[in-house]
Amino acid sequence: MNNERNVSSRLYWSLYHKKVQLERENEKLLIENNFLKNKFILNNISEERRCSFIRSNGKRCRQKGLPHQNGGEIINGYCQYHQPK
Ligand SMILES: [Zn+2]
């Protein structure tokens, strides 16, 4: 009898720990998912706002008006370096 009780109590705690562990993992995944979603949105928006200037090497200017770039805001499709004069 007593032994049976111990088994079910141990089972209960191991399931409880598993549950807590899964909840933590779930939380982590939710945060990661949110981060990726934001990154995706930012990428799409910034692709739309990318400077249209074609450089002498045939490649498009990479300025997107992002905070870490220094080409400033994209105005009328061009960064500050390539504003039509
Ligand atoms: Zn540009």
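A short reminder: the numbers here are calculations on the coordinates, not readings from a lab. Just so it is clear, the structure is predicted and the values come from calculations on it, not from any experiment. Reconstructed Cβ throughout: ideal geometry from the backbone, glycine too, with neighbour counts over all protein chains shown.
Rg/Rh, computed from the Cα trace of the chain with Rh as the Kirkwood radius, has the value 1.55. Among 45, 54, 74, which one shows the highest mean-square fluctuation when the chain is modelled as a Gaussian network with alpha-carbon springs under 10 Å? Result: 54 has the largest fluctuation of those listed.
What is the helix-to-structure angle for 2-48, meaning the angle in degrees between its Cα long axis and the longest Cα principal axis of the chain, kept from 0 to 90 and rounded to the nearest 10? The two axes meet at around 10 degrees.
Length gained on full extension, residue 14 to residue 80, computed as 0.36 nm times the residue gap minus the Cα-Cα distance: 17.7 nm.
If R0 equals 41 Å, the separation of the Cβ atoms of residue 60 and residue 31 corresponds to a calculated FRET efficiency of about 0.75.
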